[in-house]
Each structure stands twice: as C-alpha cells, then as structure tokens.
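The values are calculated or read from the model by the stated rules, or taken from the named source; none is laboratory data. Source: prediction; values computed, not measured. Note that we place each Cβ from the backbone using ideal geometry, even for glycine, and neighbour counts take in every protein chain shown.
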Amino acid sequence: MEEEPTESLWVRIKGRARAGDIIVGVCYRPPDQGDRADEALYGQIGAAARSQALVLMGAFNHPDICWRDNTAERKQSRKFLECVDDNFLLQVIEEPTRRGAMLDLLLTNKEGLVGDVKLKGSLGCSDHEMVEFSILRAARRARSKLTTLDFRRADFGLFRDLLGRTKPWKEEGPKTAGKY
C-alpha cells in the first residue's frame, strides 16, 4: 500500500564537530486530513525524533487538545497525543496562536533546546500569530557516568501488541483471609 503524501518539510542543520546536527521540521496538517495521511505523518515524526535534536513546528489543527492535561476529545487528536508521547516530544507554546485556539505547535525532543518563545502578532494577512523562538545550541545532553535507557528507540507498537495479549489479572487473595 502506497504511503499518503504529507505537507511537511524536513531540514538537517549541520553542527560543528561535537555540536551535533539539528533536524528542523515544518508541517501543515489540514483540519480534514484522513487517518492514512496522519499515520504517514506520524511515521515521519517518529523517524525524525530518533535524531539527537529535533525542532518540529507547524499548524497541526487539533484545537480540542488540552496541553496542560494532555487530553483530547476527538480520536484523531488523541492519536496525535499518542505520537507526541511515544516520541518523547515536548510542546513548548503556551498561548493560543489563532482565534483563541492552539493550532500551531512547537515540539522538541530535547528539553532546553528551544527557548525565548514569544508570539509576535500576525505577519501580513495571516490570521495566525507569528512564533518567535531561539534554538539554544548549548543545550547538549550532559555526560553522565550513569547508564540510562534510550526509550526513543523502543518499539511501542510491539509493546502495545504484547501488552494486549496478556491475560487479565485474577484477583485471588489468600485462602486464609483474616489470619494476618
């Protein structure tokens, strides 16, 4: 089955030695986009999120998402939240960007990579706020002697499948209840 095309642009900004590269993505997700195109976009986001540093921005058109509580009313919006969570992305815009709704997002896979986020009014005849931010190159991961697991490479689809195959827990207490 052929993959649906998506409205996305991906750029790799080459870093100096030791600084590492940054992947920058810009996406437009039409409000009426279908599930197949969403899945194709989520595949692209997943591949990009495996990079060292990712900055992803765009109009994703999920006005029902409550970013404070990480909840959504619509199924498509919940699938998008699942993609964000599965890829360990942080959403850094805190104010509405279009007519009281937060449609435009700024996501990153590295805390501290993006800073100084401001909404600067609209540009020209756009009805979206312009988002201004800095990419902070000094936000490299600190080297630690502790070993940490890199969950970005985990296969969460397989994890969900295996979890779905588990038998339900049986509630069995001790046969001598009340003797403890």
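Please verify whether VAL55 is more than 12 Å from the chain's Cα centre (by Cα), in a strand (DSSP E or B) and β-branched (Val, Ile, Thr), treating the condition exactly as stated.
Against the criterion (more than 12 Å from the chain's Cα centre (by Cα), in a strand (DSSP E or B) and β-branched (Val, Ile, Thr)), VAL55 does not qualify.
With the checklist (1) touching a residue at least 24 places away in the same chain (Cβ under 8 Å); (2) buried (at least 18 other Cβ atoms within 10 Å of the Cβ); (3) out of contact with any helix residue (DSSP H, G or I) (no Cβ under 7 Å at 6 or more places or on another chain); (4) farther than 23 Å from VAL11 by Cα in hand, flag the one item ILE65 doesn't pass.
Condition (3) is where ILE65 drops out.
Report the residue count in region 129-180 for those that are part of a loop (DSSP other than H, G, I, E, B), surrounded by 10 or more Cβ atoms within 10 Å (Cβ to Cβ), of a type in the set (A, V, I, L, M) and at pLDDT 60 or above.
3
Among THR71, THR97, which is surrounded by 11 or more Cβ atoms within 10 Å (Cβ to Cβ) and at pLDDT 90 or above?
The match here is THR71.
Would you mind stating whether GLU3 is closer than 20 Å to ILE93 by Cβ and at pLDDT below 90?
No, not satisfied.
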